[in-house]
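What follows draws every value from the coordinates through simple rules; no lab data is involved. Keep in mind it's a predicted model, so treat the numbers as computed, not measured. In this analysis, Cβ positions are derived from the backbone assuming ideal geometry, glycine residues included, and neighbour counts consider all displayed protein chains.
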Amino acid sequence: MPLILPGNVGSATAATGYDVANSLRLNVANTAYLSVNMGTSSNRRIWTFSIWHKKSTFGGTQNIVGTGGSSDQNHIVYENSQLTVRHYNGSANDIRVGTNRQFEDVSAFYHIVVAVDTTQGTAANRVKIYVNGVQETSFEEATYPDQNYDWDFFQNGADTYISRRGHNDESHLDGYIAEVAWLDGTQAAPTAFGEFDSDSGIWKPKDFKSDVTFGDAGFYLEFKESGTSQNSSGLGADTSGQTNHFAVTNLAADHQTTDTCTNNFMTLNPLIGTSVGSTDYLDNQVYSEGNTIIIPNSTDNYGTASGTFGANKGKWYWEAQIIWNGTSNNANFPKQIGFMREDYEYTKSYLGQNDDQTWGVGFADLSTDGWGLDHNGSFSAISGATTLADDKMVMFALDLDNGKFYMGYDGTFFTSGDPTSGATGTGAIATLDSTDLSFINIPALTNATNTTHYKMNFGNPAYAIASSNADGNGYGNFEFAVPSGYFSWCTKNLAEYG
């Protein structure tokens, strides 16, 4: 069975009936956001906002939607991972509806709906918050707006932002967003946008475009286009038919992704980190680009990270881009990269160090520099594998049906490896035994310095690909051809093969 961390994977079934093609990857470090100044004013009392969001970080303040200046601000925001709708009047929040529940799952998409109608006589009906199809009813604070209160979102003459507080460039959203919609003049239930899967019970998106009324200031962002202009060819193109296109800031074509609420790709997991003795390395690692990159925040600062899910059967392929400063000694080579069993306790400095639960391949300062495999305290040089260069790719093929692990560099598998050789394991650099195969196995890596690291690609890279290659199901975007019978790490493939 595949391992998927808790949360809504946004339909982990092989066929959903409705597929979301794209999302937009936001990186808080890049201060990325979208903005619009409507040509018409919205209904200030009745509206609905819907978004699918896979978080990359947690805690702090992250604005989902915001508008206003320093003394008058409306927000839908995470505050310390609690979902909150609020109005700030310059000195205090005179409206604040915030959940007790904290949303910290980084492995899956949340569906958030905020449905508002301030004309309602009952205060609790004026602001309704739904997550994954279920209404939130437990609140840290529930100070509702007065009856007939007028919000400032999407007013003609005022900028409204996605992933920004307001006019202040701060508190941005991190992670992946998809299916972003605003219904102007309608307080809708979440069933307008999604439904529970009849087999799995998982909340999933549905095709809603023709079933809702968007209204004059309504919009629908599907992120189907990759341009940077504020028009129908841009990342912020409105496909509702209302032509309320968004401008994008610090976003480019490589922020358009296929990691979506109907096919969720693996990323690295910032909730798990290495602890050696009294040192906790979780806080010493900086995650970025939708958790596809992890960099230590200082030199000589080891930290092991793993993926958000894994499997104990099937055949899996992934790649990583090498970032190297060219300095030829062990401390400055990229550290170990490979995989681990689910029972690993994150108590060693790097993959393969004196444990039999991890396998790590790294480049070493030997008599002749070269790649080698660390496992159970033993480092084995890989014959003929002596090349390392910045921006080159390493490839991985993990055959969990036959217990074989292959690795390659720049398009060629080490030791003439043939991942399609099955039980023969031609050129495999490691063999897993029956105990190993009884556990879930998860891609992982250890970084040592902030000048050398890997950019991970589990099928959805945050870097440019020169020659795009998908797996046999058409999923993933890789530099090199995926071996026949191997698949990228995404929920559709896991549901079928994992």
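Over segment 275-497, calculate the relative contact order: mean separation of alpha carbon pairs under 8 Å at least 6 apart, over the residue count, as a percent.
Numbers: 564 pairs, mean separation 60.7, N = 223.
It comes to 27 percent, rounded to a whole number.
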Mean shadow area of the chain over all directions, Cα convex hull, nm²: 23.1
Checked against a 30 Å limit on the C-alpha separation, the offending pairs among Lys209/Lys492; Lys224/Lys313; Lys54/Lys404 are Lys224/Lys313; Lys54/Lys404
Positive dipole terminus of the chain, leading residue within Asn22, Met395, Gly474 (C-beta point charges): Asn22
Given 0.36 nm per residue, what is the gain on full extension from Ile465 to Thr327 after removing their alpha carbon distance, in nm? 47.1 nm
Rounded to the nearest 0.05, what FRET efficiency do Ala189 and Asp401 give with R0 = 45 Å and r taken as the Cβ-Cβ distance? Could you check? 0.50
Between Ser383 and Glu496, the two model label points (7 Å from Cα along the beta-carbon direction) sit apart by a distance in nm of 3.7
Could you please state, rounded to a whole Å, how far the C-alpha centre of segment 79-146 is from the C-alpha centre of segment 186-260? 21
Determine which residues of segment 331-347 fall in the zone a paramagnetic label at Asn376 would reach in this model, i.e. backbone nitrogen under 15 Å from the point 7 Å along Cα→Cβ. 341
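I'd like the FRET efficiency for Gln147 and Ala29, computed as 1/(1 + (r/R0)^6) with the beta carbon distance as r and R0 of 35 Å, rounded to 0.05. Intermediate values should be presented prior to the final figure.
Values: r = 42 Å, r/R0 = 1.19.
Given R0 = 35 Å and the Cβ-Cβ separation, E is 0.25.
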Name the long-range amide H neighbours of Ala448: under 5 Å, sequence gap of 5 or more, or other chain; modelled H, no Pro or chain starts. Lys335
Need the full-extension length gain, Asn354 to Glu170, defined as separation in residues times 0.36 nm minus the C-alpha distance. One decimal, nm. 61.8 nm
Evaluated over segment 11-257, the Cα radius of gyration and Dmax, each in Å: 16.6, 50
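What's the extension gain from Thr40 to Ser229 if we count 0.36 nm per residue and subtract their Cα-Cα distance?
Values: separation 189, 0.36 × 189 = 68.04 nm, distance 2.04 nm.
Working it through step by step, the gained length comes to 66.0 nm.
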Residues of segment 131-149 with the amide nitrogen closer than 18 Å to a label point 7 Å from the Cα of Asp94, along Cα-to-Cβ, please. 142-149
Residues Asp197 and Thr119, FRET efficiency given R0 of 35 Å [Cβ-Cβ distance, rounded to 0.05]: 0.55
Using a 7 Å offset from the Cα along the Cα-to-Cβ direction at both Lys313 and Asp216, what is the distance between the two label points in nm, to one decimal? 5.9
The chain, relative contact order [Cα under 8 Å, separation at least 6], %: 17
Name the residues of segment 121-162 whose amide N is less than 16 Å from a point 7 angstrom out from the Cα of Asp72 along the C-beta direction? 146, 149-160
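Do the sum for the chain: with -39,500 (n - 2.57) for every DSSP H run of n ≥ 4, divided by all residues, what is the mean residue ellipticity at 222 nm, to the nearest 500 deg cm²/dmol?
Working: 2 runs with 11 residues, N = 498.
Estimated from H runs of four or more residues: -500 deg cm²/dmol.
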